[in-house]
Every structure is written in structure tokens, then in C-alpha cells.
Amino acid sequence: MILTLKDKDIQLSGVTIFKFAPEKPVAWRAGQYIKYHLPHQNSDERGDSRWFTISSAPFEQDIWLSTRVDAMPLSSFKQHLIGLEPGDKIEAGEPEGDFTLEDIGRDYVFIIGGIGITPIRSILKQLNHDSKPVRVRLLWANRSAESVPFKDEFDALAKANQDLKISYFYGEQRIDRFAIEEVSAKLNSPIYYVSGPEPMVEAFEDLFKDMGIDEAHTKFDYFPGYEANKG
């Protein structure tokens, strides 16, 4: 499909939100991702295609690609991405992926590293729009308080839903086994969602095995190209 850039929203957190309008209406489930194609000369070893989670909720209709562009060096893909201007077009695949909520009656623990929050934004914004509260404990690690993307939105969501509790972790603070067990003890057989830099997600896979949490109670979303705690 063809997407047309409507706007670039540069956040103080270091994240830029690229807001695209699809050529035709697109249906997707909150938490899914899209493959983007941006052919360019002198592309680096990662090529001219990338997968990004749709950070907008389906009710928002536009497709948002949210990514950090404050870490150097930038890939050739991101260099060309930030060079796009409103009206420019980009080719993309269809929405896919299963990092979605299947049962809002369950309890959830979301463990997130930095920009890994994008699928969670889509999920929680859609549920709030649909007036469907969900019982969630969100553990969210970022480099600093200033680098948290969408923080005002998440604080507003937590204020609107008393069953959404957010714990922020900054700098050297770690989401460790104790932190997970502390929030899990207050929930009923929760499902664990982990999203963030690939090394971080892999580390939590190993931790869950040590904790005896079975695969049926976990979902993972890996963000390649980011280092742990870099978001």
C-alpha cells in the first residue's frame, strides 16, 4: 500500500512521530506492525526496508511510525526517513503480527524498554477509546525522565483507568525479578508482554524460564537495531 506523510511530530523525548495517511482505509489490530520500504542510494547493510509497530490506535485512522532519531550514527534508512516532507509517499506492506490483546478480562504485566512502548500505546489508546478498561501493571524502563515518549498520554490513561498502574524505571534502575514478582502478586495469573530492544527481550525470556513462567503466559516483541536501555 502507499502511505503519504501528513506530518512529522518531533518530541522532546528524542522520538519523532511520522504520521502517514493511507491511500485507502486500512484496518489493523492494536499492537500490529508494518514493513516499510524506502529505496535509497548507498543503503547500509540493513537495506532499505524496516518493520515498525503502528503506534497509533486503529480509531485514529492515520498510521503512525514512531522511532528514535537522536542516537548516532543513524542508519541510512532513518537518514532518508527524517528527510521526508509532508506530501512525500512511501510504500508499505499490510499490517501483521500477534502482539495484541486477546482477552481484556485477563490481568496483564507489560514490561517495556524505551520506544518498545509503541504497541502498548496503540493497545491502551484503543481500549480507552472503546471504554474497555483493562487490569494492567506497566513496568517501563527509559534512559531518563526526559526521554520517556508519550509520557503525558500514559499518565492521562492511568488517571482515567484506576486499574492501569505505571512504574517508571530510569537510568541504572532495573526491572528485575523482585519488581515483577511484586506486581504479579497482586494479579490473577497474569499474562506477560515484553517489548523493547532485542537484547532486553531475550534477557526476559531467560528470566521467565528461571521464574517458572510458562510460554502460554508470555508474548514478546523484539525491536532490532536498539541496544538494551537505549530505547
Counted residues in the range 29-64 being within 15 Å of the chain's Cα centre (by Cα), assigned to a loop (DSSP other than H, G, I, E, B) and farther than 19 Å from LEU84 by Cβ come to 5
With the requirement that a residue be in a strand (DSSP E or B) and over 25 Å from GLN41 (Cα atoms), what does the range 65-107 give you? GLU96, ASP107
Residues satisfying the stated conditions in the range 167-191, i.e. touching a Phe, Trp or Tyr at 6+ places or on another chain (Cβ under 7 Å) and open to solvent by less than 40 Å² (accessible area, probe 1.4 Å): PHE169, ILE175, PRO190, ILE191
Strands (runs of 3 or more DSSP E) lying entirely in the range 160-227 (those with 2 or more residues that are at pLDDT below 95): 191-197, 218-223
Odd one out for PRO73, checked against (1) exposed (fewer than 11 other Cβ atoms within 10 Å of the Cβ); (2) closer than 30 Å to ARG135 by Cα; (3) over 17 Å from the mean Cα position of the chain (by Cα): (2)
Within the range 1-22, of all residues that are open to solvent by 50 Å² or more (accessible area, probe 1.4 Å) and assigned to a loop (DSSP other than H, G, I, E, B), the one farthest from GLU94 (Cα to Cα) is LEU12
Residue list for the range 23-42, restricted to those being at negative phi, loosely packed, with under 15 Cβ neighbours inside 10 Å and not hydrophobic (A, V, I, L, M, F, W, C): GLU23, LYS24, PRO25, LYS35, HIS37, PRO39, HIS40, GLN41
Within the bounds of the range 135-155, is there any residue that is free of Cβ contacts under 8 Å to residues at least 12 places away in the same chain and surrounded by fewer than 18 Cβ atoms within 10 Å (Cβ to Cβ)? yes
How many residues, within the range 54-67, are open to solvent by 10 Å² or more (accessible area, probe 1.4 Å) and either at negative phi or in contact with a Lys or Arg (Cβ under 8 Å, 6 or more places away or on another chain) (or both)? 5
Subset of the range 182-207 (residues that are over 23 Å from ARG68 (Cβ atoms), touching a strand residue (DSSP E or B) at 6+ places or on another chain (Cβ under 6 Å) and not polar (S, T, N, Q)): VAL183, LEU187, PRO190, ILE191, TYR192
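The values are calculated or read from the model by the stated rules, or taken from the named source; none is laboratory data. Note that the coordinates shown come from a computational prediction; the quantities given were computed from them, not determined experimentally. We place every Cβ from the backbone using ideal geometry, glycine too, and count neighbours over all the protein chains shown. What goes into the accessible areas is simple: the full protein's heavy atoms, side chains included, and nothing from ligands, DNA or RNA. Shrake-Rupley method; radii C 1.70, N 1.55, O 1.52, S 1.80 Å.
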